[in-house]
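The values are calculated or read from the model by the stated rules, or taken from the named source; none is laboratory data. Remember, predicted model here, so these are calculated numbers, not experimental data. Here the Cβ positions follow ideal geometry from the backbone for every residue, glycine too, while neighbour counts run over all protein chains shown.
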Amino acid sequence: MKIISISGEDVLSPLDSPTWKPEHDLFAKCEAYDEPERARALGIYPFFRPIEEMDGAEVLCEGKRVLMVGSNNYLGLANDSRVVDAAVQATRKYGLGCTGSRFLSGNLIIHEQLEEALADYIGKDAALLFSTGYFANQGALTCLFEDGDYILCDKENHASLIDGCRMSAAKIIPFAHNSPESLRRRLTRLPREAGKMVVIDGVFSMSGDIARLPELMDVAGEFGAKFYVDEAHALGVMGPDGKGSALGLGVADRADLMMGTFSKSLGCMGGFLAGDEDVIKYVRHKARCFIFTASPTPAVAGGVLKALEIMQQEQWRIVKLWENTRRMHRGFREMGFHIGTTETPIVPILIGDEQKAFFFAQRLFDSGIFATPAIYPAVRRGQAIIRTSYMATHAPEQLDYVLETFERIARELRIFEDDVYQRAAGEIPQRHHDSSLPHPVRTVAV
Ligand SMILES: Cc1ncc(COP(=O)(O)O)c(C=O)c1O
């Protein structure tokens, strides 16, 4: 056995012994983790389905054509030939990738053009691109806080916000979902002089409900807290020209920072942060996941610039998206499904039991519908859902087929009689009326 030195003391190293085995094998959990195999054995594994072709609202998957109601391609721009052509053109001009960080050799003029276009569109001084939306949240939240600062984080915020909060130096104070009263109680207990920021999704990615921004901002304002809105699912969906929830609710001037992704309505990938010039300059020079990663590809920048232009020119997409959304809200509610408090194209169908949700998703797929279940940790335990989402390019017949199929499978699987379902249905608030979507309808400029 070899002698090694730890903090100046000589000790025998066990690593040299041929018989020595670690008591705790780091990889033992991987071998023991057999949930995917068990679901596969039952023929209900719903994840990582390989898509062979994408064609508007339909995709070719596992050899068959299925209707997609599980994407975030709200405006149908992901396959738009004009967006694809713009991405190809940018690729021809600049190449496939930049092989470097924006900070060093990867800064292209087309990145700066997109930043200007985004800042202009969202009505902020400046914008900063990130390689993903996840990085935009992580980058901003990790670099803006110091010891002694506080982040007030809605309990149902997206994982990228929560991870960003966890990685920051601030103390995280969770508040009850979408509750100005809870936010007020939390803020009251914090030192008045401390740096604070409220962080929230504009539209919640699983429940589809809309943040009560005006009321939450009123409370934040009373305590001098800054305000950060993740517009991932609101961009292209809410507000005039799809400019997001803060603009749609008339409170964009009170959002200190707005974040958005390109991976949803804009049909691409990547993300951005928008705010005051000084703050964006600071994040540009400090955010580690901006500095230490390669810049977004030229194809992303070119494609998103085009998608942004089309989104503003073709208002019919947002109008159609909301028509489809209303049709599905009404349809599911009339059939007795529990769709929670959604007010947006994200329509979660409560199933409750995780395995039943897997069976449900498989039956949907067998019937030609692509939608995936969301289980813990995306939702609470015992509150599994089939997360559906709708697009401007879905035809009424396609949507009616989705409704009929859901009704048939729910009857076959006796969803509503299930104990887990009933418990979850009692716990999750529900909007019973067709809310006629007051916020988005009022704010979509048509
Ligand atoms: C609310 C929210 N924020 C951020 C993200 C991360 O975005 P991206 O997929 O572009 O990394 C997502 C993605 O699902 C999201 O739903």
- Message: For the range 129-156, which positions are closer than 19 Å to A234 by Cβ, touching a strand residue (DSSP E or B) at 6+ places or on another chain (Cβ under 6 Å) and hydrophobic (A, V, I, L, M, F, W, C)?
- Response: L129, F130, A136, A140, C153
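Going residue by residue through the range 148-158, is there one that turns out to be in a helix (DSSP H, G or I) and either surrounded by fewer than 21 Cβ atoms within 10 Å (Cβ to Cβ) or touching a helix residue (DSSP H, G or I) at 6+ places or on another chain (Cβ under 7 Å) (or both)? Before you say what the answer is, go through the steps one by one.
Going residue by residue through the range 148-158, those that are in a helix (DSSP H, G or I) are none.
Within the range 148-158 (the criterion being in a helix (DSSP H, G or I) and either surrounded by fewer than 21 Cβ atoms within 10 Å (Cβ to Cβ) or touching a helix residue (DSSP H, G or I) at 6+ places or on another chain (Cβ under 7 Å) (or both)), the answer is no, since none of the residues qualifies.
I'd like the residue in the range 126-144 that is in a loop (DSSP other than H, G, I, E, B) and more than 14 Å from I280 (Cα to Cα) and, out of all such residues, is farthest from the ligand (Cβ to nearest atom).
Step one: filter the range 126-144 for residues in a loop (DSSP other than H, G, I, E, B), giving 131-132, 144.
Among the residues that remain, those that are also more than 14 Å from I280 (Cα to Cα) are: 131-132.
Working: S131: 9, T132: 4 Å.
Only one residue fits best here, namely S131.
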- Message: Pull out all pairs, ordered by first then second residue, where Cβ-Cβ is under 9 Å, the residues are six or more apart or on different chains, the first lies in the range 187-208 and is assigned by TED's automatic domain parsing to the domain that holds G260 and on the phi > 0 side of the Ramachandran plot, and the second is within 15 Å of the ligand (Cβ to nearest atom) and polar (S, T, N, Q).
- Response: G208/T342; G208/T344; G208/S389
- Message: Looking only at the range 61-92, count every residue that is without any contact (Cβ under 8 Å) to a residue 12 or more places away in the chain and part of a loop (DSSP other than H, G, I, E, B) and tell me the total.
- Response: 1
- Query: Do any residues in the range 153-177 that are touching a residue at least 60 places away in the same chain (Cβ under 8 Å) have Cβ atoms under 6 Å from those of residues that are more than 10 Å from the ligand (Cβ to nearest atom), where the two are at least six apart or on different chains, and which pairs are they?
  - Reply: L161/V199
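If I ask for residues that are assigned to a strand (DSSP E or B), under 29 Å from Q313 (Cβ atoms) and either out of contact with any His (no Cβ under 7 Å at 6 or more places or on another chain) or within 11 Å of the ligand (Cβ to nearest atom) (or both), which ones from the range 200-241 would you list?
Filtering the range 200-241 for residues assigned to a strand (DSSP E or B) gives 200-201, 203, 210, 226-230, 235.
In the following step, the residues that additionally are under 29 Å from Q313 (Cβ atoms) were identified as 201, 203, 210, 229-230, 235.
Result: D201, V203, V229, D230, L235.
Can you pull out every residue in the range 123-134 that is of a type outside the set (G, A, S), in contact with a Ser or Thr (Cβ under 9 Å, 6 or more places away or on another chain) and surrounded by fewer than 24 Cβ atoms within 10 Å (Cβ to Cβ)? Let's see the steps before the verdict.
If we filter the range 123-134 for residues that are of a type outside the set (G, A, S), which is where we start, we get 124-125, 128-130, 132, 134.
Applying the additional criterion that residues be in contact with a Ser or Thr (Cβ under 9 Å, 6 or more places away or on another chain) yields 129-130, 132, 134.
Selection gives T132, Y134.
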- If we scan the range 94-111, do we find a residue that is hydrophobic (A, V, I, L, M, F, W, C) and assigned to a helix (DSSP H, G or I)? yes
- Message: Please determine whether any residue of the range 242-260 is part of a strand (DSSP E or B), farther than 11 Å from G202 by Cβ and in contact with a Leu (Cβ under 8 Å, 6 or more places away or on another chain).
- Response: yes
- Query: List pairs: first in the range 129-145 and in the same structural domain as P296 (by TED's automatic domain parsing), second more than 9 Å from the ligand (Cβ to nearest atom) and among the hydroxyl-bearing types (S, T, Y), Cβ under 6 Å, 6+ apart or cross-chain?
  - Reply: S131/T293; L141/S168; T142/S168; F145/S168
- Looking at K281, is it outside the structural domain of G340 (by TED's automatic domain parsing), within 16 Å of the ligand (Cβ to nearest atom) and farther than 21 Å from D147 by Cα? no
- Message: Being in contact with a Ser or Thr (Cβ under 6 Å, 6 or more places away or on another chain), crowded, with 19+ Cβ neighbours inside 10 Å and touching a residue at least 24 places away in the same chain (Cβ under 8 Å): is that true of P373 here?
- Response: no
- For the range 345-356, does any single residue satisfy the condition of being under 29 Å from E62 (Cα atoms), surrounded by fewer than 17 Cβ atoms within 10 Å (Cβ to Cβ) and out of contact with any strand residue (DSSP E or B) (no Cβ under 7 Å at 6 or more places or on another chain)? yes
- How many residues of the range 174-207 are more than 19 Å from N137 (Cα to Cα), in contact with a helix residue (DSSP H, G or I) (Cβ under 9 Å, 6 or more places away or on another chain) and crowded, with 24+ Cβ neighbours inside 10 Å? The answer is 1
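Any residue at all in the range 150-166 that's assigned by TED's automatic domain parsing to the domain that holds A220 and more than 30 Å from T342 (Cα to Cα)? Quick ask: steps written out before the conclusion?
If we filter the range 150-166 for residues that are assigned by TED's automatic domain parsing to the domain that holds A220, which is where we start, we get 150-166.
Right, trim to more than 30 Å from T342 (Cα to Cα) and you get none.
Checking the range 150-166: not a single residue is assigned by TED's automatic domain parsing to the domain that holds A220 and more than 30 Å from T342 (Cα to Cα).
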